[in-house]
1. Based on this model, can you work out whether K20 counts as modelled with pLDDT under 65 and either under 30 Å from D273 (Cα atoms) or more than 31 Å from the chain's Cα centre (by Cα) (or both)?
2. Filter region 182-202 for residues that are within 20 Å of C271 (Cβ to Cβ) and either surrounded by fewer than 20 Cβ atoms within 10 Å (Cβ to Cβ) or modelled with pLDDT of 90 or more (or both) and give the result.
3. Residues in region 105-145 that are outside any helix (DSSP H, G or I) and touching a residue at least 24 places away in the same chain (Cβ under 8 Å): how many?
4. Every residue in region 118-140 that is under 32 Å from the mean Cα position of the chain (by Cα) and surrounded by 15 or more Cβ atoms within 10 Å (Cβ to Cβ), please.
5. Let me confirm something: among E168, E177, which residue is charged (D, E, K, R), surrounded by 16 or more Cβ atoms within 10 Å (Cβ to Cβ), in a helix (DSSP H, G or I) and more than 20 Å from the chain's Cα centre (by Cα)?
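The values are calculated or read from the model by the stated rules, or taken from the named source; none is laboratory data. On a predicted model such as this, the values are computed, not experimentally measured, just so you know. Quick reminder, even Gly has a Cβ in these numbers, built from the backbone with ideal geometry, and neighbours come from all protein chains shown.
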Amino acid sequence: MATTNATAPKGATKKSQGFKGVKAGWIVILICFIIAECLYVFGAGYKTNFLGNEAFTGLPFHFFQEADYEPDGIVGTVYKGGFIVPLIWGQFITVIALAIERFLAIRTANGKGSVGRFVGNIKKALMAGNIAEAEALCDKQQGSVANVVRSTLATYRQVEKDDTLSKEQKVLAIQKELEEATALEMPMMQENLPIIGTIVTLGTLTGLLGTVMGMIKSFSAMAGEGGADSSALSVGISEALVNTASGIATGAAAVIAYNFYTNKIDRLTFCIDEVGFSIVQTFNATH
């Protein structure tokens, strides 16, 4: 029985050049959390953000007994949110960093021109039976869609010359190459999106944790002997509200970024499927 393991020759596909994404997402996360901690300690915690700052030296407020001083403005109030604040900020900065990383990677995946126009030109070349022109368009376009199409066309040419295969086997070989080429390109497009998807929930939960901790402080102040300690009560409420706002903002940014790039990838996948269907239909119609 004839085999269907027809594959494109090595080097048949002209791979796209450019930024292909960051493989080690944990490094991005680590750097973002370090940046967030520095912003919290040396930015929000700087002496000018608190009343009575004339008693401080040039060091950040973080190095002093902050409980004795009241915030002077929104930045100082944010600092009073506690250690949960830099954790949420780290997640927010991670979302921004990975959103930029995905933008650059998916721009490379799109190639050098409009993907929609490329797909249209490929279909026109296939309808005219001009495989060489379709291959030239792939070499010019580059990107993930072009890589998949170029690899599939190489298999098209290979099985076309193989008289040991039946028509059904040739079609199966083309479809298999299309699926394998797509599977090779998809990880590059989807890299680090799971991290953003995780932060969608984690950011909100972290903000909720900070809210609960702030409310605990507020109720503890209200339950103290001799009535509520207004200072402790305000600190608890500030911590709760700051962490709530930060968590919501982080979750919202993550949702927007995740859905935006998921939609971009879905469109690229649809283009690959559309061209792949056209290649198979062309082979069926001409052989």
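1. Considered against the rule, which asks whether it is modelled with pLDDT under 65 and either under 30 Å from D273 (Cα atoms) or more than 31 Å from the chain's Cα centre (by Cα) (or both), K20 comes out as no.
2. The answer is A183, L184, M186, P187, M188, Q190, E191, L193.
3. 5
4. Within region 118-140, F118, V119, N121, I122, K123, A134, E135, L137, C138 meet the criteria.
5. Only one candidate passes the filter, namely E177.
Listed here are the residues, each with its yes/no results for (1) closer than 21 Å to A245 by Cα; (2) of a type in the set (A, V, I, L, M); (3) within 17 Å of the chain's Cα centre (by Cα); (4) at pLDDT 90 or above.
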site	(1), (2), (3), (4)
V75	yes, yes, no, no
Y79	yes, no, no, no
F83	yes, no, no, no
P86	yes, no, no, yes
T94	yes, no, yes, yes
A97	yes, yes, yes, yes
E101	no, no, yes, yes
T108	no, no, yes, no
K112	no, no, no, no
